[in-house]
1. Would you call Y33 in a helix (DSSP H, G or I), under 11 Å from the mean Cα position of the chain (by Cα) and either farther than 13 Å from H3 by Cα or not β-branched (V, I, T) (or both)?
2. Check F49 against each of (1) without any contact (Cβ under 8 Å) to a residue 40 or more places away in the chain; (2) touching a His at 6+ places or on another chain (Cβ under 7 Å) and name the one condition it does not meet.
3. State all residues of the stretch 13-53 that are exposed (fewer than 14 other Cβ atoms within 10 Å of the Cβ), charged (D, E, K, R) and at pLDDT 90 or above; if no residue qualifies, say none.
4. Which pairs do you get when a residue that is under 23 Å from N57 (Cα atoms), found in the stretch 2-27, comes within reach of a residue that is β-branched (V, I, T) and surrounded by 15 or more Cβ atoms within 10 Å (Cβ to Cβ), reach meaning Cβ atoms under 8 angstrom, with the pair 6+ apart or on two chains?
5. Name the single residue that is nearest to I37 (Cα to Cα) among those in the stretch 7-20 being over 12 Å from the mean Cα position of the chain (by Cα) and part of a helix (DSSP H, G or I).
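The values are calculated or read from the model by the stated rules, or taken from the named source; none is laboratory data. No experiment lies behind these values; they were computed from the predicted model shown. Heads up, the Cβs are rebuilt from the backbone with ideal geometry, glycines too, and the neighbour counts pull from every protein chain shown.
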Amino acid sequence: MAHILNKLTGVKLEDVKKQLEADAPSHAEQVMYLEHIWTNADNPDEIFFLFRVDDLNRCKQLVKNVYAEARKENPETKPEKIFLYGE
């Protein structure tokens, strides 16, 4: 099973939740399913969320394209992604 662990800094949990809810249908089309969302207990400005994905390579390409576009609009956009394989 594959996952994508995401880290955003300088955002509010409520805003991230709203955006993830709005994006859920398009994520499902890409076979990405939100499993968890957390706030860093030591740094509330850091939000982590985890997607389960069926096709990691497809999702990597999608993420690359989405964030390339986001950086055009806001060069400060620097979400961190970790792509994980597991059993």
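1. No, not satisfied.
2. (1)
3. E14, D15, K18, E21, E35, D42 - these are the residues of the stretch 13-53 that are exposed (fewer than 14 other Cβ atoms within 10 Å of the Cβ), charged (D, E, K, R) and at pLDDT 90 or above.
4. Within 8 Å, the pairs are A2/V53; H3/V53; I4/V53; I4/V63; K7/I47; L8/V16; L8/I47.
5. Once the filter is applied, the top-ranked residue is L13.
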